[in-house]
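Inspection log for the structure reproduced underneath, given as structure tokens.
The values are calculated or read from the model by the stated rules, or taken from the named source; none is laboratory data. These figures come from a predicted structure and were not determined experimentally. A quick note on method: Cβ atoms are made from the backbone with ideal geometry, for glycine too, and the neighbour counts reach across all protein chains shown.
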């Protein structure tokens, strides 16, 4: 499946999700278009800085410093993602107050916009991240059809409900073994209709201290213990009464 060139895919295509999309024949980058050159203007007049908290990003040349931005909600948020993905991502990063992130990730956490369409909120020790994104062009129903169309991908797909909303979870065995890099990748239908266009994506990432081996044990409770609460809080703010 090849996405139309005009369609913007704001998926957080990492880990098992990336593998699934490649296996399904999809071709995309995280932002749906080539990464900006270092220091090139992002949409909305924002510029990749590479400094400050962006210096801690894996791709500092494609990182934009977080700016507190009042979020649009519901369909208006998806419209903003189509028109100005960087500003929409700033809205995602601004959805929850500092007190909430201190509760989930402990004080010292920081927020950055990576690759134009990924809000990354990292713990101060750089071991836990909550990555938030939007895909305005596809529905959860279409996601499920895509991921289940390939047997080697379908085994990693499951469905659950969080805060009353249907969720697709993608997790390969190596993503949830409590060793090295673990993650939980969620694609969420923010309304009661999973066939409606628009998906909220929340990926939780857990990794050992820098320089550790891939077999280093990690504490899964750091993401398992906050997952549902983080998703519930984001839905309340970004998609109220839907």
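Scanning the range 203-217 for residues that are within 12 Å of residue 180 (Cβ to Cβ) and under 21 Å from the mean Cα position of the chain (by Cα) yields 205, 206, 207, 208. Where helices (runs of 4 or more DSSP H) fall entirely within the range 81-160, those with at least 3 residues that are touching a strand residue (DSSP E or B) at 6+ places or on another chain (Cβ under 8 Å), without any contact (Cβ under 8 Å) to a residue 60 or more places away in the chain and surrounded by 22 or more Cβ atoms within 10 Å (Cβ to Cβ) are at 85-93. Among the residues of the range 202-224, count how many are closer than 19 Å to residue 188 by Cβ and out of contact with any strand residue (DSSP E or B) (no Cβ under 6 Å at 6 or more places or on another chain). So the answer is 1. On inspection, residue 240 does not qualify as under 23 Å from residue 56 (Cα atoms) and either part of a loop (DSSP other than H, G, I, E, B) or free of Cβ contacts under 8 Å to residues at least 40 places away in the same chain (or both).
Test residue 190 against the criterion of being touching a helix residue (DSSP H, G or I) at 6+ places or on another chain (Cβ under 7 Å) and part of a loop (DSSP other than H, G, I, E, B), and give yes or no. It is true that residue 190 is touching a helix residue (DSSP H, G or I) at 6+ places or on another chain (Cβ under 7 Å) and part of a loop (DSSP other than H, G, I, E, B). Here residue 57 qualifies as farther than 20 Å from residue 143 by Cβ and at pLDDT 50 or above.
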